[in-house]
Amino acid sequence: MEFDYWYLIFVPVLFFAGWWCRGWDQRQRGEAAKVPEVCSRGLALLLDGAPDKAIDAFIEVVRVDPELTELERVLGNLLRSRGEFERAVRLHRHLYNRADLPDEERALALKELARDFLCAGFFDRAEAAYRKLASVPSEHLHALRELLKIYVTEHEWAAATETARLLETQAGENHAEEIAHFYCERIDLALKHKNLEEARLLVTPLLRYQDTTPRVDITVAKVALAEGSTPEAIRYWKDVVEKSPDYAPLVIGHLADALSAEGDQAGAFALLLDVTEKLGTADVMEATLTRIAAWQGVPSAEKIARRFLEEHPSLSAFNAMMQMKLKGNPDDEMTKMIAGLLEQNARRWSRYQCRKCGFLASSFSWHCLGCGAWDSFSPRRIEDKKRAV
């Protein structure tokens, strides 16, 4: 048998390959052996108040040992807490794109990536990430809840309504109050753009949630008034005053004007006085005195303001009385000065406060920007609530 000498070429090639693989394995072992040491250094730096150097150390650990996916997520949380959203995105995107990652770990990486986008204010990217996450059964409900928050923040009320209904059917949650507000927001937007047809179409599904919040009756009344159906608007406003008297300050002026427009000024006058006697809030007093001054003259309004002050002594009543006195005698310098001082300081004691998080607002709102709760603001201003207590 004749021997082929050219086979001998493979001998040094195989030797070199074996030597290289051995060296590579040793380097890998050497780097892996450094993992505990680098982790310890990173923790020490973190405890010493050097988070930047600690983060760099942890990134080195992740580079050396890609199996430490849990450390990558912890590191991402640390970066988010420091506001380094771009680095957090890069880290979690790298983790998500790893071909060797199990499906469960990939879902967790996508969840962290979505949080990165959300915390950074990239709502469109966060929405896309959570939509993708919603296809994972174990994370489906979590993704829907986060999507709902995004839609509310972005004022995408139709999408928010659909998502809230999915949570009701799939998670057994109750989102009736929120859905009612979503419809009201859509109607307010339609009225703002003078789209009465769309507003009227939205009233029908809205009325299914009539018992969830007084805003439903208030919104339906606005649609009726925009369409020229004053009696219908009066009916819904009266329902608010009767069923939810605390919310009367929001509608009493509109209701009185509507009654007056329908030829029942005496009924409007009696209603204003009755509600003011019961509540005595700044908004109600202002609505009452403004209309009495227009209907019966400033002296009559000033007389009623003085009576309010005697029966309900407060800065609100005193301010209302001084405003009426100023209307009756606009040239009186002392009255002008006192009324001006009261008006300037009115913002300090005429704010609204969220019952859940304590957020303060200068005007009444159905939605708290502080905690995201609905119907958490009392229609009574802080000063009126303290006096009522």
Take residues that are modelled with pLDDT under 75 and exposed (fewer than 13 other Cβ atoms within 10 Å of the Cβ) and tell me which of the helices (runs of 4 or more DSSP H) falling wholly in the range 290-350 contain 3 or more.
333-349
The range 191-214, subset touching a Leu at 6+ places or on another chain (Cβ under 9 Å) and closer than 25 Å to residue 252 by Cβ, residue most open to solvent (accessible area, probe 1.4 Å)
214
Looking at 95, 148, which one is part of a helix (DSSP H, G or I), among the hydrophobic types (A, V, I, L, M, F, W, C), within 20 Å of residue 205 (Cβ to Cβ) and touching a helix residue (DSSP H, G or I) at 6+ places or on another chain (Cβ under 9 Å)?
148
In the range 289-308, anything more than 18 Å from residue 249 (Cα to Cα) and either within 40 Å of the chain's Cα centre (by Cα) or among the hydroxyl-bearing types (Ser, Thr, Tyr) (or both) is listed as 293, 294, 300
Of (1) at pLDDT 75 or above; (2) surrounded by 16 or more Cβ atoms within 10 Å (Cβ to Cβ), residue 73 fails just (1)
Give the range 98-121 a look and list any residue that's assigned to a helix (DSSP H, G or I), farther than 17 Å from residue 136 by Cβ and acidic (Asp, Glu), or say none.
116
Return the pairs, sorted by first residue and then second, in which the second residue is hydroxyl-bearing (Ser, Thr, Tyr) and open to solvent by 10 Å² or more (accessible area, probe 1.4 Å), the first residue lies in the range 235-260 and is over 22 Å from residue 376 (Cα atoms) and modelled with pLDDT of 95 or more, the beta carbons are less than 6 Å apart, and the residues are 6+ apart or on different chains.
258/230
Within the set of pairs 6+ apart or on separate chains, which have a first residue in the range 188-212 that is more than 27 Å from residue 376 (Cβ to Cβ) and of a type in the set (Asp, Glu), a second that is modelled with pLDDT of 95 or more and part of a helix (DSSP H, G or I), and C-beta atoms under 7 Å apart?
198/190
I'd like to check something: does the range 252-273 contain any residue that is assigned to a helix (DSSP H, G or I), open to solvent by 10 Å² or more (accessible area, probe 1.4 Å) and under 22 Å from residue 368 (Cα atoms)?
no
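The values are calculated or read from the model by the stated rules, or taken from the named source; none is laboratory data. Treat the numbers as computed from the prediction; the structure is a model and nothing was measured. No Cβ is skipped: glycine too gets one built from the backbone with ideal geometry, and neighbour counts run over all protein chains shown. Keep in mind that these areas ignore ligands, DNA and RNA; they rest on the heavy atoms of the full protein, side chains included. Shrake-Rupley method; radii C 1.70, N 1.55, O 1.52, S 1.80 Å.
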